[in-house]
Amino acid sequence: MPKNKVDAGYRILAINPGSTSTKVAIFVDGVKINEKNLEHSTESLAGLKELKDQIALRQRDVEAYVEEQGWSFDKINAIAVRGCPAGVFEAGAYEINAQMAADCAAPGGSVHPMALGPVIAYQWVTAYGAKAYNYDVVRVNELCDLARISGTPLFERSGTSHTLNTKAVARQVAEEMGKSYETVTFIMCHLGGGIGVNLHQNGRIVDVVGGDEGTFSPVRAGKVPQDGILKLCFSGKYDTKGINRLLRMESGLTGYLGTNDCKEVEKRITEGDETAKLIYEAMAYQIAKDIGSMAAAAAGKVDRIILTGGIAYSEMLTGLIRERVAFLAPVVVFPGSIEMDALGKGILRVLRGEETTHQYTSKAKGE
């Protein structure tokens, strides 16, 4: 038991850095007391050329939030962070140590603002003695051996998926069924700016349809014909960054319809826009195909198909998907994201001794 556990229960501060904001929340014994999205203005970020230059700004804003809530870092039992260096990780908690903080801060280590989380948290570890962890990071890879085969011996398939939210939602749905996450088989479909489908069996994500392997999304191209990609790459019109931007930011609904807003697309459909109707139905069609592929991987033995993420609020889209996949298993719609709750509850399990932690070394990055 941590020495600084107070009478009020385990106190956990959760941090999730995003592109222009940092989500923060405080938990006492797993109960969320407060949550806030700390916006970082365009002006404040404008002069910060490298991601690591944002560390002081984000740290200062989080510290102000903690003080605003009447907390102090010497009374916090653990800091839960979403973020890690590049590499391959196990599911669950990794204790943030000096090596992880250094790898996140190193050139090339901070490819997304999430990677700043461990750097910031470790400063509080050294200053106040609290424990800090990241949990169910994006780069978790639990693929079974069959799923790792890519088609070329030059590289394996990646298990990267929306790990944090889909595992948390899966745990909650399993609990509502009166079962444990470790005993069910779920097909999880995360519907957001990026769309991914993964297969959860016995507490592990054993296969995935990643963002570049399946359906297109509001901004991403998904799986597209190789001949077309080769022609683009050697057309002289694009460099590596340009191709990446095209496929991951300017394709999907954005490429076809000029918007990534599903509400706008649905409005056009209700107003009789046949092109919008075709593209939107095609996205639902491809999502259903991805779900079907995971059902085949599970030999048809699926307890639930679960649609989650921000776009799962759309009754039109989820209805189109349900029409095609309901014959496989009961469909549960769990809209939105519970990532902050996942961080708080995951680290609570660690503090209570219900889960063990992984120890990070640079070797754990898969290098």
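Overview of values
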quantity: Pairs, first in contact (Cβ under 8 Å) with a residue 60 or more places away in the chain in the range 243-260, second part of a helix (DSSP H, G or I) and surrounded by 15 or more Cβ atoms within 10 Å (Cβ to Cβ), C-beta under 8 Å, six or more apart; calculated: N260/G252; N260/L253; N260/T254
quantity: Residue in the range 67-86 that is open to solvent by 40 Å² or more (accessible area, probe 1.4 Å) and of a type in the set (V, I, T) present; calculated: no
quantity: Pairs with Cβ under 6 Å, 6+ apart, first in the range 279-303 and within 14 Å of G319 (Cβ to Cβ), second modelled with pLDDT of 95 or more and of a type in the set (A, V, I, L, M); calculated: Y280/V265; A284/L317; A284/L320; A284/I321; I287/I321; A288/I321; A288/V325
quantity: Qualifying residue in the range 252-261 (condition: acidic (D, E), under 22 Å from the mean Cα position of the chain (by Cα) and over 30 Å from Y181 (Cβ atoms)); calculated: yes
quantity: Qualifying residue in the range 22-36 (condition: of a type in the set (S, T, Y) and more than 15 Å from H112 (Cβ to Cβ)); calculated: no
quantity: Set G272, G366: member being exposed (fewer than 14 other Cβ atoms within 10 Å of the Cβ), at pLDDT below 95 and among the small types (G, A, S); calculated: G366
quantity: Residue among G344, G310, G336, G319 that is in contact with a Ser or Thr (Cβ under 8 Å, 6 or more places away or on another chain), at negative phi and among the small types (G, A, S); calculated: G310
quantity: Checking R324 against (1) open to solvent by less than 50 Å² (accessible area, probe 1.4 Å); (2) in contact with a Phe, Trp or Tyr (Cβ under 8 Å, 6 or more places away or on another chain), the condition it does not meet; calculated: (1)
quantity: Index of the failed condition, Y133 passing every other in (1) among the aromatic types (F, W, Y); (2) open to solvent by 40 Å² or more (accessible area, probe 1.4 Å); (3) within 30 Å of H200 (Cβ to Cβ); calculated: (2)
quantity: Filtered residues of the range 331-359 (kept if touching a helix residue (DSSP H, G or I) at 6+ places or on another chain (Cβ under 6 Å), within 17 Å of R82 (Cα to Cα) and among the hydrophobic types (A, V, I, L, M, F, W, C)); calculated: I338, A342
quantity: Search result, residues across the range 200-218 that are in contact with a helix residue (DSSP H, G or I) (Cβ under 7 Å, 6 or more places away or on another chain), part of a loop (DSSP other than H, G, I, E, B) and open to solvent by 20 Å² or more (accessible area, probe 1.4 Å); calculated: N202
quantity: Output for the range 115-130, where each listed residue is touching a residue at least 60 places away in the same chain (Cβ under 8 Å) and open to solvent by 30 Å² or more (accessible area, probe 1.4 Å); calculated: Q123, G129
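Condition check ((1) open to solvent by less than 80 Å² (accessible area, probe 1.4 Å); (2) over 14 Å from P218 (Cα atoms); (3) not aliphatic (A, V, I, L, M)) across all residues:
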{"residue": "G258", "(1), (2), (3)": "yes, no, yes"}
{"residue": "E264", "(1), (2), (3)": "yes, no, yes"}
{"residue": "E281", "(1), (2), (3)": "yes, no, yes"}
{"residue": "G292", "(1), (2), (3)": "yes, yes, yes"}
{"residue": "A298", "(1), (2), (3)": "yes, yes, no"}
{"residue": "E315", "(1), (2), (3)": "no, yes, yes"}
{"residue": "T318", "(1), (2), (3)": "yes, yes, yes"}
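The values are calculated or read from the model by the stated rules, or taken from the named source; none is laboratory data. Because the structure is a prediction, the values reported are computed rather than measured. Note that we place each Cβ from the backbone using ideal geometry, even for glycine, and neighbour counts take in every protein chain shown. Just the protein is used for accessible areas: all its heavy atoms, side chains included, with ligands, DNA and RNA removed. Shrake-Rupley method; radii C 1.70, N 1.55, O 1.52, S 1.80 Å.
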